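Notes for the one structure printed next.
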Amino acid sequence: MSEGREQFDEYKGYTIRVLAVPEYSPHPPNIPFAYVGYVARPGADVRYGSSRVSFAHPIADLLTAQAAEQAGFAEGRSIVDGTHPDGLNSEEL
């Protein structure tokens, strides 16, 4: 984990990108985190919304950047697997 840097993972032929976001910055220790991310095909031009599925957890209630990243990757995998609770999926990518 490298705080303040995007983290990437490959999963079932998709790229999942997650960025842990502190509640505010600069931040002292013990500040909670949220996250933003997307799922896309490797090499896709993610500047275009049709090339990615974006997701976010905007409430900073995760205790560390690592916890936020883990939660973000779990949400990204649920999009790829078609099990996301809000119905997000990667079928159109």
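Each value in this text was obtained by applying a stated rule to the coordinates, not by laboratory testing. Because the structure is predicted, anything quoted here is derived from the model rather than measured. A quick note on method: Cβ atoms are made from the backbone with ideal geometry, for glycine too, and the neighbour counts reach across all protein chains shown.
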Could you check the simple spin-label distance between A56 and A44, using points 7 Å along Cα→Cβ, in nm with one decimal? 1.9
Of L88, I31, T15, which is farthest towards the positive pole of the chain's charge dipole, taken about the Cα centre with +1 and -1 on the beta-carbons of Lys, Arg and Asp, Glu respectively? T15
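Place a +1 charge on the Cβ of each Lys and Arg in the chain and a -1 charge on the Cβ of each Asp and Glu, then give the dipole magnitude about the Cα centre in debye, rounded to the nearest 20.
Numbers: 7 positive and 13 negative charges, 42 e Å.
Using only the charged Cβ atoms, the result is roughly 200 debye.
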Whole-number value, in Å³ per residue, for the convex hull of the alpha carbons of the chain is 95
The helix 65-81 Cα axis meets the longest alpha-carbon principal axis of the chain at an angle in degrees, between 0 and 90 and rounded to 10, of 20
Could you give me the ³J(HN,Hα) list for segment 11-22, computed from phi with Karplus coefficients 6.51, -1.76, 1.60 and θ = phi - 60°, whole Hz, x at Gly and Pro? 8, 6, x, 10, 9, 10, 10, 9, 10, 6, 10, x
Report the paramagnetic label zone for E91: residues of segment 52-77 whose backbone N is under 18 Å from a point 7 Å from Cα along the Cα-to-Cβ axis. 52-54, 77
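For segment 42-85, which chymotrypsin sites (Phe, Trp or Tyr not before Pro) are both in a DSSP coil and crowded by at most 14 other Cβ atoms within 10 Å?
Values: sites: Y48, F55, F73; in loops: Y48.
Hits after loop and neighbour filter: Y48.
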Taking the Cα-to-Cβ direction at A67 and at R5 and moving 7 Å from each Cα, how far apart do the two end points lie in nm? 2.3
